Amino acid sequence: QVQLVESGGGLVQAGGSLRVSCAASGIIFRINAMGWYRQVPGKQRELVAVMATSGGPNYADSVKGRFTISRENAKNTVYLQMNSLQPEDTAVYFCYADIVRNWGLKASTYWGQGTQVTVSS
């Protein structure tokens with residue numbers, strides 16, 4: 001089994017900062033990519049940021065310059081530092097990881113349970 005456990009969401013005023021974390025655990029051979037999506041009620045889940053094992057990060061245009069994704073590969077953990085938060089950033093944030101569980105297997109996508117981020121105006 002593989003689990004992704006998120007932490008760090010909460011309530012913050014506009015202009016403030018939050019950092020959310022996501023740690024993967026279980027039988028893991030390799031993690032190809034880790035990232036974050038967010039979703040508000042009635043809307044589709046949207047990509048926020050993603051980082052492959054090699055290569056640079058990619059961000060949604062709406063968060064460029066404000067959010068920073070980073071990984072700690074030794075801990076199978078991904079972080080999302082969110083600065084200059086705005087009310088429109090309010091959403092449930094889900095982490096995901098493309099994980100290979102054993103040699104010769106294809107990667108599968110796993111999701112965290114989601115963490116609420118609320119930005120008040």
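Brief remarks on what is shown
- The chain: relative contact order as a whole-number percent, Cα under 8 Å and 6+ apart: 36
- Available extension along the chain between Lys75 and Ser108 is 10.0 nm, counting 0.36 nm per residue and deducting the alpha carbon span.
- Trypsin sites (Lys or Arg not before Pro) restricted to the stretch 1-72 and DSSP loop, no more than 16 other C-beta within 10 Å: Lys43, Arg45, Lys64, Arg66
- Stokes-Einstein diffusion coefficient of the stretch 73-121, Kirkwood radius over Cα pairs, 4 °C, 1.567 mPa s, in µm²/s: 98
- Modelled spin-label separation between Ala52 and Val40, with each label point placed 7 Å from Cα along the Cα-to-Cβ direction: 3.1 nm.
- Magnitude of the charge dipole, the chain, Cβ model with Lys/Arg +1 and Asp/Glu -1, debye to 20: 260
- Loop-resident chymotrypsin sites (Phe, Trp or Tyr not before Pro) (DSSP state other than H, G, I, E or B) in the stretch 71-121 with no more than 15 further Cβ atoms inside 10 Å of their Cβ: Trp103.
- The residue among Tyr110, Ser70, Leu18 whose Cα reaches farthest toward the positive pole of the charge dipole of the chain, with charges on the beta-carbon of Lys, Arg, Asp and Glu, is Tyr110.
Throughout, read-outs are computed from the coordinates displayed, never taken from laboratory work. Small disclaimer: the values here were computed from a predicted structure and weren't measured. Glycine gets a Cβ as well: all are built from the backbone with ideal geometry, and neighbour counts include every protein chain shown.
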